[in-house]
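Colleague: Before I ask anything, here is the structure I am working with.
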Amino acid sequence: MCFENLSPELQSTIVSGAIGLLGALIGALAAIGSTYLAKKLQAAGEVSLYARIVHSKGSINSACGCYKSGMSDGLVMRVPLWIDIINTCGISRIIRDLSMHAYLGEEEVATFTQIQRIGDDDAILLGNEGAYTFVIPANGACRFDLEYMLKEADVPGDKKQFDALIMTYFDEKNGIHKFHLMDIERCWSLGEVKTEKKWITLTKG
């Protein structure tokens, strides 16, 4: 049956129904688009990391450098630092397993140990209550005390040399991010490592 042959009342009913259906479809698409756009706007922004080399919170109060180990042969390199994490996104972001690595050129030589606590009685907890995973609130900033350690005895004999310290973390999607912290002129040299007395912007490497 052709539309033209229908009664005016029936034609009007069909047209009104079609208009209503089209309006509902447009409304649904607008709602979906609005939700998508809101999520994209919330996710806009970035996570930035800043580090400053400091003295250890331990009783020795040692600076970044290499020291004799009483527990094993060789030296121990300790790197205490503050880390500021700035999140300019409209949603919270996860920094998982913030780690430090020794590199020679483009090759990873060793991974430092994350120091979770200093002392036994009245222990000082580092990181996030001993963890090196952090949740940074939306449009927020957090500072953490961290310390890393690498034993010379734990590094294979043919890979003891390194010339840079690199930091990495995993985000909430399990993507890895890699940053250059500092260059090392002479590794495994007894004493304090010369470092800049200022904040370091961690640049992606």
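Colleague: All but one of (1) touching a Gly at 6+ places or on another chain (Cβ under 7 Å); (2) closer than 20 Å to Tyr50 by Cα; (3) not polar (S, T, N, Q) hold for Gly127; state the number of the condition that does not hold.
Modeller: (1)
Colleague: Related question: Name the residues in the stretch 24-45 that are assigned to a loop (DSSP other than H, G, I, E, B) and at pLDDT 65 or above, would you?
Modeller: Initial filter on the stretch 24-45 (assigned to a loop (DSSP other than H, G, I, E, B)): 44-45.
Answer for the stretch 24-45, where residues must be assigned to a loop (DSSP other than H, G, I, E, B) and at pLDDT 65 or above: just Gly45.
Colleague: For the subset of the stretch 119-143 comprising residues that are in a strand (DSSP E or B) and open to solvent by 30 Å² or more (accessible area, probe 1.4 Å), which member is modelled with the lowest pLDDT?
Modeller: Kept after step one, since they are in a strand (DSSP E or B), are these residues of the stretch 119-143: 124-125, 128, 131, 134-136, 140-143.
Now restrict to residues that are open to solvent by 30 Å² or more (accessible area, probe 1.4 Å): 124-125, 128, 131, 135, 141-143.
On the way: Ile124: 90, Leu125: 94, Asn128: 96, Ala131: 97, Val135: 97, Ala141: 96, Cys142: 97, Arg143: 97.
In this case the residue turns out to be Ile124.
Colleague: Here is a further query. So, of the residues in the stretch 63-87 that are more than 25 Å from Thr133 (Cα to Cα) and open to solvent by less than 70 Å² (accessible area, probe 1.4 Å), which turns out to be modelled with the lowest pLDDT? Talk me through it step by step, then tell me what you get.
Modeller: First pass over the stretch 63-87, keeping only residues more than 25 Å from Thr133 (Cα to Cα): 66-75.
Narrowing the set further to residues that are open to solvent by less than 70 Å² (accessible area, probe 1.4 Å) leaves 66-67, 69, 72, 74-75.
Details: Cys66: 92, Tyr67: 91, Ser69: 79, Ser72: 72, Gly74: 86, Leu75: 93.
My answer is Ser72.
Colleague: Could you please give the count of residues in the stretch 114-148 that are among the basic types (Lys, Arg) and within 17 Å of the chain's Cα centre (by Cα)? Let's see the steps before the verdict.
Modeller: In the first step, residues of the stretch 114-148 are kept if they are among the basic types (Lys, Arg); the result is 117, 143.
This time we only want the ones that are within 17 Å of the chain's Cα centre (by Cα), so: 143.
The number of residues fulfilling the criteria is 1.
Colleague: Let me ask another. When Met167 is evaluated against the numbered criteria (1) assigned to a strand (DSSP E or B); (2) surrounded by 17 or more Cβ atoms within 10 Å (Cβ to Cβ); (3) at pLDDT below 95, which criterion, by number, is the only one it fails?
Modeller: Exception for Met167: condition (3).
Colleague: Where residues in the stretch 180-205 are part of a strand (DSSP E or B) and over 17 Å from the mean Cα position of the chain (by Cα), which of them is surrounded by the most Cβ atoms within 10 Å (Cβ to Cβ)?
Modeller: Met182
Colleague: While we're here: Can you tell me how many residues in the stretch 46-82 are over 12 Å from Thr195 (Cβ atoms) and assigned to a loop (DSSP other than H, G, I, E, B)? Give the steps one after another, and end with the answer.
Modeller: As a first pass, look at the stretch 46-82 and keep what is over 12 Å from Thr195 (Cβ atoms): 46-50, 56-62, 66-78, 82.
Filter again for assigned to a loop (DSSP other than H, G, I, E, B), leaving 46, 56-62, 69-74.
So the answer is 14.
Colleague: Is there a residue in the stretch 92-106 that is of a type in the set (Val, Ile, Thr), in contact with a His (Cβ under 9 Å, 6 or more places away or on another chain) and either open to solvent by less than 70 Å² (accessible area, probe 1.4 Å) or part of a loop (DSSP other than H, G, I, E, B) (or both)?
Modeller: Yes - at least one qualifying residue is present in the stretch 92-106.
The values are calculated or read from the model by the stated rules, or taken from the named source; none is laboratory data. Note that the structure is a prediction, hence the values are computed from the model and not measured. Positions of Cβ are backbone-derived with ideal geometry, glycine not excepted, and every protein chain shown enters the neighbour counts. Surface areas here come from the heavy atoms of the whole protein model, side chains and all, with no ligands, DNA or RNA. Shrake-Rupley method; radii C 1.70, N 1.55, O 1.52, S 1.80 Å.
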